[in-house]
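Chemist: Before I ask anything, let me first share the structure, which is written out below as structure tokens.
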Amino acid sequence: MMPKTPSRKSPKEVEPLYEQFSIREGIWQQEPPHLRIVREGTIKGERDRGDLCILIEPSRGRALGRDVCDGLVRALAESYYQTPGSITRALREALLAANAWLFEANLRADSLSRALVGLGCAVIGEGETYLGQLGPALAYFIRKGVAQRFPADSIWLRDQAPSLAEMNREPPLGLRREVEPTLYRLDIEPGDTLLLATTDLHHLASIEEIADAVTYIGKETARDNLEALVNGRNASVLIIQWPGGAAAGPAARPVRLQPVRPSVAPEKPKAEAPQPPPQPEGEKPPVPSEEPAQAKRIFLPPPTAGEAASDEAVPTPPKARPQKNIPPADRAGTRLRETLSEGAERVRRETEEMLLRVLPSEAPERPPERPAHGEVVSLGGKALVGIALVIPLLVLFLVVMTRVQYDRVNREQIIAVRQKAEARCDAALKAQDVALVRQGLYDCLESLEEGLAVIPDEPSLVDLRNRALHRLDVVDHVERLYYFTRLTVLE
């Protein structure tokens, strides 16, 4: 848990207060690595960029190491504060930089060490706040008791795990290189509250319960009420509050926390609603004085600073019901089960009636079975089979004949070379002139080299070459040294 900490704003601005808590397996984490606040000015870069609040949500059932969180926060913060241009452009580039960092880390890691996470961040500016989300991420914006959820719908907010096709449409961080984040812009007034939370909070409490827990704080803080609402189950929340406005103080009605269900609180059925419990004397339900703030969704490519006001507006959520008109949990669950049972019975009955009208009264006769006939192969098919069998044999025959012919040609060439070399050697030995003998032996060696180039190490050619070299050494008075003796040094 983190105490309330004012941001570093000028005295003329409304300074937001930051709180956070994280529960994992029933244990409150004192310094959760996936909840971070990067103060403006701690990283060198562009000025007037505001504080950067970050919430990293790991995939279901897997813990996230501190080194991964540190790397994501470093990549996100450095890219955001060092990217020139508008805030929306810097926030988009920061989310893409964090995804690129995790994607490269997953490429280098083994299958057990790879991580897929969701990333939600908020830029706290002067009178406005920018939200950026990629993958599983959740945010609530509460103004005067009415809450608005971002995103309004997502595959990550369902009870069952998303399929691969759904994950391809809304990919988490680290799954692929090319992704596109979702950006929102909020106009801030005193008394507003922004929650960055893991998607677990969506399954633990309804949006009305969350709004009441933040609005009717009484002596307790918003963090105390949210912790009671979570009731020791897995959830992480980063709370950003702007003091002032018409927020409920100590005299306001405290929130009545009911035991929460593990799934999303069902909507009120269309059947006749039960009568509300009697209202205590002197107590009036809180009525918002104006409509909740509208969030502007920013479409990419990011607009410039002058075009930010022309973004498409997200529809305003319906007004939150007062706490006293919310039926008890057991009554709502009973009515929901009854409504579902009646609907299932009605669907079954209508399906039976439709099938009785469409299907015949008697089952059709079974068609007679056709006698089985053996497959008849035509003459053309037999010919093709025969050709397919003959072709490999023909190829093998051609290969064998080519090899035999090649060996025969080589043998004939070797015989011709040996006869030519022997004739030149005999003519050289019969000559009386030393120069003629030498020239004849050189011609003999030249012919032998031609034959050895065709078939190296041919025994007959090698033997004839040795005899010719020996005879040439005799003619030139050359004595070959076959043994070497080391000389002794005499001093």
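What follows draws every value from the coordinates through simple rules; no lab data is involved. These numbers were taken from a predicted model, which means no experiment stands behind them. When we count neighbours, we look across all protein chains shown, and the Cβ atoms used for this are built from the backbone with ideal geometry, even at glycine.
Chemist: For the pair R337 and E15, how long in nm is the line joining their label points, each one 7 Å along Cα→Cβ?
Modeler: 5.3 nm
Chemist: I've got another one for you. Classify region 64-215: rounded, prolate or oblate, from the alpha-carbon gyration tensor (a ≥ b ≥ c, eigenvalue square roots; a/c under 1.5 rounded; otherwise prolate if a/b is larger than b/c)?
Modeler: Details: a/c = 2.13, a/b = 1.30, b/c = 1.64.
Since a/c reaches 1.5 but b/c is at least a/b, the shape of region 64-215 is classed as oblate.
Chemist: So how much slack lies between D153 and V347, counting 0.36 nm per residue of separation and subtracting their Cα-Cα distance, in nm?
Modeler: Stretched fully, the D153-V347 segment lengthens by 67.1 nm.
Chemist: While we're on this one: Provide the gained length on full extension for the span D457 to D407, in nm with one decimal, where the gain is 0.36 nm per separating residue minus the Cα-Cα distance.
Modeler: In short, 16.4 nm is gained.
Chemist: Could you order peptides 140-146, 122-128 by the average number of other Cβ atoms within 10 Å of their residues, highest first?
Modeler: In descending order of packing, they fall as 140-146, 122-128.
Chemist: Spin-label point model (7 Å from Cα, Cβ direction): what's the L359 to T488 distance in nm?
Modeler: The answer from the label model is 11.9 nm.
Chemist: For region 406-491, how big is the tail of P(r) above 22 Å, as a whole percent of Cα pairs? Don't jump to the answer; show the numbers that get you there.
Modeler: On the way: 1420 of 3655 pairs.
Across region 406-491, Cα pairs with separations above 22 Å total 39 percent.
Chemist: Stretch A423-R66 to full length: gain in nm at 0.36 nm per residue minus the Cα-Cα span?
Modeler: Additional length available on full extension: 119.5 nm.
Chemist: So if R0 is 51 Å, what FRET efficiency would V385 and R177 give, r being the distance between their Cβ atoms, rounded to the nearest 0.05?
Modeler: 0.45
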